[in-house]
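Data first, discussion second: the structure below is written as structure tokens.
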Amino acid sequence: MFNREKQEMKRVPMMPVRDMVIFPQQMTPFIVGREASVRALEEALAGDKKIFLSTQHDASVDDPKPEEIYAVGTLANIVQSVKLPDGNIKVLVEGVERARAISIASEEGFFRATVRLLSARVEPSPQVEQTVQKITGLYEQFIKLSQSLNYDTMIAAARVDDPARLSDTIAANLQLPVDEKQDLLETVDPLERLNRIGDILEIELEKLNVDRNINTRVKRQMERAQKEYYLNEKLKAIQKELGRGEKSEIDELKKKIDTAGMSKEVHEKAIQELKRLELMPPMSAESTVSRNYLDWLLAVPWKKRSKEIRDIKAAEKILNDEHYGLEKVKERILEFLAVRQLVKNPKGSILCFVGPPGVGKTSLAMSIGHATGRKFVRVSLGGVRDEAEIRGHRRTYIGALPGQIIQMMKKAGTVNPIFVLDEVDKMSTDFRGDPSAALMEVLDPELNHAFTDHYLDVEYDLSKVMFVCTANVLHTIPQPLQDRMEILRLPGYTEQEKLEIAKRFLVRRAREATGLTDKNLTFTDEGLLHIIRHYTHEAGVRSLEREIQNVSRKMARKVVTEGPEAKVNAEITPVNANDYLGILKFREFWLEKHNEVGLTTGLAWTEVGGSVLATEATLMEGKGRLTLTGKLGDVMQESAQAAMSYIRSRSHTFGLPRDFYRNIDIHVHVPEGAIPKDGPSAGITICNSIVSALTKIPVRCDVTMTGEITLRGKVLPIGGVKEKLLAAHRMGLRTVLLPKDNEKDLADIPQEILASLTVNFVETMDEVLQVALERPIVPIEHAAVAPVADAFVATEKDKSLTN
């Protein structure tokens, strides 16, 4: 409980104050500048230096009215006043007692108030002492945690036993809104005032504790960064002293970005990333990601280009010096160079070399680089099954990198290299995407000027790149991708071309690889032809090169063994080639054979060039079954069924009774049994073997054939003519039967091949049998069998209708 003392009335000058509350027993300085306040101050100084200070409601009002001023304020003594040079007065006042304004009057430009003093005294008691101790303890904790209060001064001021003075001291030093401080001033009961201040202190302490915990966590997190920053700055200073760090790394990066020749959008993105990098701690993980990104942006070429060779004659000479044959491909390359001279900025070319292994697809692409003066880069796509190999990963992934396209452009260092995409037919797909679909953007002249890699995430111009793809087959390349490329076929080399390649390139290369000279080892033309015919069986020249190197290694050993004084010299001829290479691996196909019944030689196309296949047919007692073996595909089995149906429908033409098939089984076999075979082009071969077996007429062993058969005996055109004719020439077969519709394909066949072959064009199976069989077939007399044949056809027709 508290006791109110006598309430004394006084009439004193009044000054409204802004943004502050004056408490009793507290020394408070402030500036006086308003005219009314100055007059009130002068009036008080002229009298007993007493003045009534009360807070106005709105601090923005310069000339407040009596109702805009709080009624409760503090009666204060003016301790000191100093006039400042700007006309304002600096005042120091000491609060005496709370007071309430009873009336406020305006006199001579200032307020004079009649106030009633609000004094109260608390009776000492254990409860009061406990409250004082509690509040003093809370206030000491508050001062310790607060950064804005002087600990020693505040503690000395708070160590008082009077509850009224303690509460006013604490209230004056708390950072509270004006209205809350005014509420404390208007609370006359000291004990109640102390309890309210206790609640406020607990809230403020909780806030300060939260701030301290947050600051502690932030400090711990920043200590490492500050340490790294300090060490980095120290390292920079050391490097600068050593003369290594004169320019800022950021400045150097900015200079490189400005001179890289990037497009406007890319330049803006690079500068933006550079600004982010500048604000990051140097050793942070994000800093490494940004730095790597900028390094890649600067590493890929944006404007540097190779100076092209525009001399077509010089380019033609380079192509002829490095490759023999391949005239069509060379013509296309020279056409490309001619267009480059006439058109300033032509669209990039996309060529696709298709052919068996070893025919020079990749080396030809390298020759294009030499002939044009461009840089050469190559990426192998064999086995690639991830779309990110082409477009890269996004930067958000750890260890992300650009795709192979951007990586190879960085390696090339120019915007117009020869870019080889090797083995484009051997890509596959899985759950990670389809790389062939990603290649469509790369190989489309309408789109590749704005190719977007996932890692760089900016448009990159590939339109100046000359793309060259290589493949062994076309059917595994998606049709939309094929549509974007110009297909150039390299079917294989003739014997004469292989001989020239060996003489010009392979022998010299083998000598250099084994350290021999032309005095140690020479090859005659006959010796090279012997190796080509009897030790290799391929469309390209890889096996030929291996055999020549095999000979060279044996000669090198001989030179080392016998010593330089022996002057070892060898000339490889057909006679001594076996001494170096062993027994013959292949023999001329038709020379070791004779005409046989039911054995026909056919031609096939494979991924490694043309090939020769024998087709055998034999008869056994049975019930009319047709057995097919040799790992034949569905299409090839259907061709055999069609051939059998054709023979049965024309049995009288082949001198066979109409029911010849009822008591026999026919077995057709195509060696080699472990190799899968398919396609319709073996139709006439199978039919010829079956007819030979049924008529007992041998098949000529020097004749080979290819073509699709129909139920009416028509011979339809097939593909791979060039590869098949090269295979026939390689194997020594001299008579070839081709469908009439394939006559146009002979334009692509070298003249020396056509000169060594006799090509017969056939339209029906009858023409095939006339050439392929050893003697003509004697048919059964037409008059005798016609009624039977007609009845047989009618019976078959009736059966089909009833079924």
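Restricted to the stretch 577-635, the set of strands (runs of 3 or more DSSP E) holding at least 2 residues that are open to solvent by less than 60 Å² (accessible area, probe 1.4 Å) and modelled with pLDDT under 85 comprises 609-621. Only one entry of A315, A338 meets the criterion of being closer than 23 Å to H449 by Cα and in contact (Cβ under 8 Å) with a residue 24 or more places away in the chain, and that entry is A338. Note on the stretch 410-440: residues that are at pLDDT below 85 and touching a Ser or Thr at 6+ places or on another chain (Cβ under 8 Å) amount to 4. For S463, are the conditions met, namely being open to solvent by 10 Å² or more (accessible area, probe 1.4 Å), part of a loop (DSSP other than H, G, I, E, B), touching a residue at least 60 places away in the same chain (Cβ under 8 Å) and hydroxyl-bearing (S, T, Y)? Yes; evaluated as a whole, the condition is true for this residue. The set of residues in the stretch 745-764 being open to solvent by 30 Å² or more (accessible area, probe 1.4 Å), of a type outside the set (S, T, N, Q) and outside any helix (DSSP H, G or I) consists of V759, F761, E763. Look at the stretch 267-287: where a residue is free of Cβ contacts under 8 Å to residues at least 12 places away in the same chain and a partner is assigned to a helix (DSSP H, G or I) and open to solvent by less than 30 Å² (accessible area, probe 1.4 Å), sitting 6+ places away or on another chain with Cβ atoms under 6 Å, you get M280/S287. Summed over the stretch 558-576, residues that are open to solvent by 50 Å² or more (accessible area, probe 1.4 Å), at pLDDT 85 or above and assigned to a helix (DSSP H, G or I) total 3.
Every residue, every condition in (1) over 42 Å from the mean Cα position of the chain (by Cα); (2) under 16 Å from M731 (Cβ atoms); (3) part of a strand (DSSP E or B), yes or no:
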{"site": "Q482", "(1), (2), (3)": "no, no, no"}
{"site": "L488", "(1), (2), (3)": "no, no, yes"}
{"site": "Y493", "(1), (2), (3)": "no, yes, no"}
{"site": "K503", "(1), (2), (3)": "yes, no, no"}
{"site": "L506", "(1), (2), (3)": "no, no, no"}
{"site": "L516", "(1), (2), (3)": "yes, no, no"}
{"site": "L529", "(1), (2), (3)": "yes, yes, no"}
{"site": "I532", "(1), (2), (3)": "yes, yes, no"}
{"site": "E538", "(1), (2), (3)": "no, yes, no"}
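Only one of the listed residues (R332, R310) is in contact (Cβ under 8 Å) with a residue 24 or more places away in the chain and open to solvent by 80 Å² or more (accessible area, probe 1.4 Å). That residue is R310.
The residues listed here are L92, L145, L149, L138; of these, the one that is modelled with pLDDT of 80 or more, under 20 Å from D199 (Cα atoms) and open to solvent by 20 Å² or more (accessible area, probe 1.4 Å) is L138. Please determine, by comparing only the residues of the stretch 537-553 that are of a type outside the set (K, R) and surrounded by fewer than 21 Cβ atoms within 10 Å (Cβ to Cβ), which one is farthest from P491 (Cα to Cα). Among residues in the stretch 537-553 that are of a type outside the set (K, R) and surrounded by fewer than 21 Cβ atoms within 10 Å (Cβ to Cβ), the one farthest from P491 (Cα to Cα) is N550. Restricting the first member to the stretch 374-394 and to residues that are over 18 Å from A437 (Cβ atoms) and open to solvent by less than 80 Å² (accessible area, probe 1.4 Å), and the second to residues that are among the basic types (K, R) and part of a helix (DSSP H, G or I), the beta-carbon pairs closer than 8 Å and six or more apart or on different chains are V377/K411. Residues in the stretch 700-733 that are in a strand (DSSP E or B), open to solvent by 40 Å² or more (accessible area, probe 1.4 Å) and out of contact with any Asp or Glu (no Cβ under 9 Å at 6 or more places or on another chain): E708 alone. Look at (1) of a type in the set (V, I, T); (2) at pLDDT below 85; (3) open to solvent by 10 Å² or more (accessible area, probe 1.4 Å) and you find that T494 fails only one, number (3). Against the test of being under 29 Å from M15 (Cα atoms), surrounded by 17 or more Cβ atoms within 10 Å (Cβ to Cβ) and of a type in the set (S, T, Y), the options T74, T131 yield a single qualifying residue, T74.
The criterion of at least 3 residues that are closer than 30 Å to R121 by Cβ and among the polar types (S, T, N, Q) is met, among strands (runs of 3 or more DSSP E) falling completely within the stretch 9-111, by 72-83. Considering only residues in the stretch 39-57 that are open to solvent by 10 Å² or more (accessible area, probe 1.4 Å) and in contact (Cβ under 8 Å) with a residue 60 or more places away in the chain, the one that is farthest from M15 (Cα to Cα) turns out to be E43. Residues in the stretch 628-637 that are in contact (Cβ under 8 Å) with a residue 24 or more places away in the chain and under 47 Å from the mean Cα position of the chain (by Cα): G630, K631, L632, G633, D634, V635, M636. Restricting the first member to the stretch 646-668 and to residues that are surrounded by 17 or more Cβ atoms within 10 Å (Cβ to Cβ) and in a loop (DSSP other than H, G, I, E, B), and the second to residues that are charged (D, E, K, R) and modelled with pLDDT under 90, the beta-carbon pairs closer than 8 Å and six or more apart or on different chains are S651/R658; H652/R658. When the stretch 197-221 is limited to residues that are of a type in the set (A, V, I, L, M, F, W, C) and loosely packed, with under 13 Cβ neighbours inside 10 Å, the one that is farthest from T187 (Cα to Cα) turns out to be V218. Among the residues of the stretch 349-369, some residue qualifies, meaning at least one is assigned to a loop (DSSP other than H, G, I, E, B), open to solvent by less than 20 Å² (accessible area, probe 1.4 Å), under 25 Å from S263 (Cα atoms) and at pLDDT below 85. Among the residues of the stretch 404-432 satisfying the criterion of being under 29 Å from R489 (Cα atoms) and of a type in the set (G, A, S), which is most open to solvent (accessible area, probe 1.4 Å)? Ranking the qualifying residues of the stretch 404-432, first place goes to S428. Note on the stretch 615-627: residues that are in contact (Cβ under 8 Å) with a residue 60 or more places away in the chain and among the hydroxyl-bearing types (S, T, Y) total 2.
Among the candidates K247, K254, the residue that is in a loop (DSSP other than H, G, I, E, B), farther than 30 Å from Y493 by Cβ and either modelled with pLDDT of 85 or more or open to solvent by 70 Å² or more (accessible area, probe 1.4 Å) (or both) is uniquely K247.
Which one is most open to solvent (accessible area, probe 1.4 Å) among residues in the stretch 466-479 that are in contact with a Ser or Thr (Cβ under 9 Å, 6 or more places away or on another chain) and not β-branched (V, I, T)? Per the criteria, the residue is P478.
Consider the stretch 676-692 and keep the residues that are out of contact with any Asp or Glu (no Cβ under 9 Å at 6 or more places or on another chain) and either of a type in the set (A, V, I, L, M, F, W, C) or in a loop (DSSP other than H, G, I, E, B) (or both). The one that is surrounded by the fewest Cβ atoms within 10 Å (Cβ to Cβ) is P676.
Q341 falls short on exactly one of the conditions (1) open to solvent by 10 Å² or more (accessible area, probe 1.4 Å); (2) of a type in the set (S, T, N, Q); (3) modelled with pLDDT of 85 or more, and that condition is (3).
The values are calculated or read from the model by the stated rules, or taken from the named source; none is laboratory data. Every value quoted in this text rests on a predicted model; they were computed, and no experiment measured them. Virtual Cβ from ideal backbone geometry, glycine too; neighbours counted across all protein chains shown. Only protein heavy atoms, including side chains, enter the accessible area calculation; ligands, DNA and RNA are left aside. Shrake-Rupley method; radii C 1.70, N 1.55, O 1.52, S 1.80 Å.
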